[in-house]
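All remarks here apply to the structure that follows.
The values are calculated or read from the model by the stated rules, or taken from the named source; none is laboratory data. These numbers were taken from a predicted model, which means no experiment stands behind them. Because the Cβ atoms are built from the backbone with ideal geometry, glycine has one as well, and the counts that use them run over all protein chains shown. Remember, those area values only see protein heavy atoms, side chains included, never the ligands or the DNA or RNA. Shrake-Rupley method; radii C 1.70, N 1.55, O 1.52, S 1.80 Å.
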Amino acid sequence: MRASRTEEYREFAANRAAHLYRSACLLTSGDTHLAEDLVQETLGRMYMLWGRVSRIDNPAGYAQTVLVRSFLTYRRRRSASERPVGELPDCALLSGDDPELRLALLGALGRLSPKDRAVVVLRYWEDRSIEETADAMNVSSAAVRTRAVRALAKLREQLGGSLVEFAAR
């Protein structure tokens, strides 16, 4: 029985790791190393809970919630203000990607506060409802709506007409 649970967890981790990593990259504004750490922490916490996973209706959604909460906890730490300088993350671009657009969007996301960034990623990248986002962040639905409006206004202000310029290509 224990071996089958371990296999179930391995299958779950293998299927969700890439999705969690993409979300973590967005949350961390392209910091791939921190994203890897957050995914590892999330999968470690999920492993600890895996014996009780039968009580969780949606393990994938729960893992996403754990990821967001791990990110927010990390940002509250004093050491979270450290920033790498002058080097781009070493990641391969998929064909058809626009590196200028990616860098502009990641930079704009990076200038948002961690909670605003989490709202934008969950609502618009993960396509979660307001209630799901509120539950993942442990805040009210009104707080999510307010943060989403403010965060989008900040993104529009930062990106200005440059986003239209990128989209016209």
Quick check: net charge around Gly44, other residues with Cβ under 14 Å of its Cβ, Lys/Arg +1 and Asp/Glu -1? +1
Residue by residue through region 38-44, the couplings from Karplus 6.51 cos²θ - 1.76 cosθ + 1.60 with θ = phi - 60°, in Hz, x for Gly and Pro, are 5, 5, 4, 5, 4, 5, x
Exposure rank, largest accessible area first [Thr28, Thr146; 1.4 Å]: Thr146, Thr28
Among 11-23, 30-42, the order from most to least packed when residues are scored by Cβ within 10 Å on average: 30-42, 11-23
